[in-house]
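Student: If you scroll down you'll find the structure; I have some questions about it.
The values are calculated or read from the model by the stated rules, or taken from the named source; none is laboratory data. Note that the structure is a prediction, hence the values are computed from the model and not measured. Cβ coordinates were reconstructed from backbone atoms using ideal geometry, including for glycine residues, and neighbour counts include every protein chain displayed.
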Amino acid sequence: MKMLVSIAAVLFIAYVGLGLTLYFMQPTFLYGPVREVSHTPSELGLDFEDVVFKSADGLELSGWYIPAEKPEHGAREPGHEMTVLFCHGNGGNMCHRLDSINIFHNLGLNCFIFDYRGYGNSEGKPSEQGTYHDVMAAYKWLTEEKKIPAADIIIFGRSLGGSIAAQLASKVEASALIIESTFTSYADVGRKFYPYMPVRWFARFSYSTIDYIKEVNCPVMIIHSRGDEIMPFEFGLKLYEAANEPKEFVEISGSHNDGFWVSSEIYKKTWTKWLKFLKEHKTTADRQQAS
């Protein structure tokens, strides 16, 4: 009996120790910023504007605005005159998203990608509320400095960026919200990786994408890979179920980090089709407002 009590005590101490470690280490697990910006869109032959803008709490943030090429002889690509506000994932910085930037450029879209506080050349230290401040500042830079109408802005986010994008879309007007490889909430991710821990007691972050998406009134598209080894496919399905109409769900292949590349043909066709739909949706809404 004494031996059983001793074993139970050791296991309990180990369990509590693991719980405390997970509690205090959460910011390290969630955010993986890289400071060095080692590449720029110029390496792809793309013109870009190096942007510095401020968050509501006074931090200087860094971003790139990559304009679409002007159409020749009146020809227009599907995304012409539309702008993607790109919220990247939790690791690296914006220089690690050049492949996606190139895809958007080839679709005829303007793209504004930015680094959250603590990432790249952006000041500060990452935090949940900070990321919300940062994306709002990026949106205001587009609408107030670049004078881009809200109806021409597509809010896009991948992985953690999908939750940040959904939070913004629940607060502002936009042409659409597109989220890719995103979780339903921070606590749900914790339960996936640590099913034996009382995650809700330990969770220091919310990032409740599923609650944000219920408040989004613009068209929503969810992109998710069945082979995503980090964010289960069911997360994408649950987000789709929670979203308001009009909405669309697109299944791609590949892992969490390379699905958009592995499924490049499906991915590009999906975006092209969605851009055409958004133009038609906007035209219909304008006519209804005029009448």
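Student: Can you pull out every residue in region 133-166 that is polar (S, T, N, Q) and surrounded by 22 or more Cβ atoms within 10 Å (Cβ to Cβ)? Give the steps one after another, and end with the answer.
Tutor: Going residue by residue through region 133-166, those that are polar (S, T, N, Q) are 143, 159, 163.
Those that are polar (S, T, N, Q) and surrounded by 22 or more Cβ atoms within 10 Å (Cβ to Cβ): SER159, SER163.
Student: Moving on. Among the listed residues LEU177, LEU142, identify the single one that is over 22 Å from SER225 (Cβ atoms) and among the aliphatic types (A, V, I, L, M). Step through it out loud before you land on a result.
Tutor: Numbers: LEU177 fails: over 22 Å from SER225 (Cβ atoms).
One residue alone meets the criteria, LEU142.
Student: Is one or more of the residues making up region 262-281 in a strand (DSSP E or B) and over 20 Å from VAL189 (Cβ atoms)? Working first, answer last.
Tutor: Here is the first cut: in region 262-281, the ones in a strand (DSSP E or B) are none.
No, region 262-281 has no match at all.
Student: While we're on this one: Count, please, the residues in region 47-63 that happen to be buried (at least 18 other Cβ atoms within 10 Å of the Cβ), in a loop (DSSP other than H, G, I, E, B) and in contact (Cβ under 8 Å) with a residue 40 or more places away in the chain.
Tutor: Here the count works out to 2.
Student: I want to confirm something. Restricting to region 231-256 and keeping residues that are touching a residue at least 60 places away in the same chain (Cβ under 8 Å) and farther than 26 Å from LYS282 by Cα, which single residue is surrounded by the fewest Cβ atoms within 10 Å (Cβ to Cβ)? Step through it out loud before you land on a result.
Tutor: First, pick out the residues of region 231-256 that are touching a residue at least 60 places away in the same chain (Cβ under 8 Å): 231, 239, 256.
With farther than 26 Å from LYS282 by Cα added as a condition, the list becomes 231, 256.
Values: MET231: 22, HIS256: 17.
Going through the qualifying residues, I end up with HIS256.
Student: May I pose another question? Among (1) crowded, with 24+ Cβ neighbours inside 10 Å; (2) under 18 Å from ALA68 (Cβ atoms), which single condition is ILE103 missing?
Tutor: Every condition holds for ILE103 apart from (1).
Student: I'm trying to understand the selection: among the residues of region 64-85, which are modelled with pLDDT under 95 and not in a loop (DSSP other than H, G, I, E, B)?
Tutor: Across region 64-85, the qualifying residues are GLU72, HIS73, GLY74.
Student: Could you tell me which numbered condition THR184 fails, if it satisfies all but one of (1) out of contact with any Lys or Arg (no Cβ under 6 Å at 6 or more places or on another chain); (2) over 23 Å from LEU275 (Cβ atoms)?
Tutor: (1)
Student: Right, next: For residues that are surrounded by fewer than 21 Cβ atoms within 10 Å (Cβ to Cβ) and aromatic (Phe, Trp, Tyr), tally how many sit in region 108-132.
Tutor: Count: 1.
Student: A further question on this structure: Scan (1) under 18 Å from ALA68 (Cα atoms); (2) free of Cβ contacts under 8 Å to residues at least 40 places away in the same chain; (3) in a loop (DSSP other than H, G, I, E, B); (4) not basic (Lys, Arg) for the single condition VAL172 breaks and write down its number.
Tutor: (1)
Student: Okay, next question. Which of the residues belonging to region 210-245 are in a helix (DSSP H, G or I) and either within 11 Å of ALA166 (Cα to Cα) or touching a Pro at 6+ places or on another chain (Cβ under 6 Å) (or both)? First the steps, then the outcome.
Tutor: Residues of region 210-245 in a helix (DSSP H, G or I): 210-214, 233-242.
Within region 210-245, ILE210, ASP211, TYR212, ILE213, LYS214, LEU239 meet the criteria.
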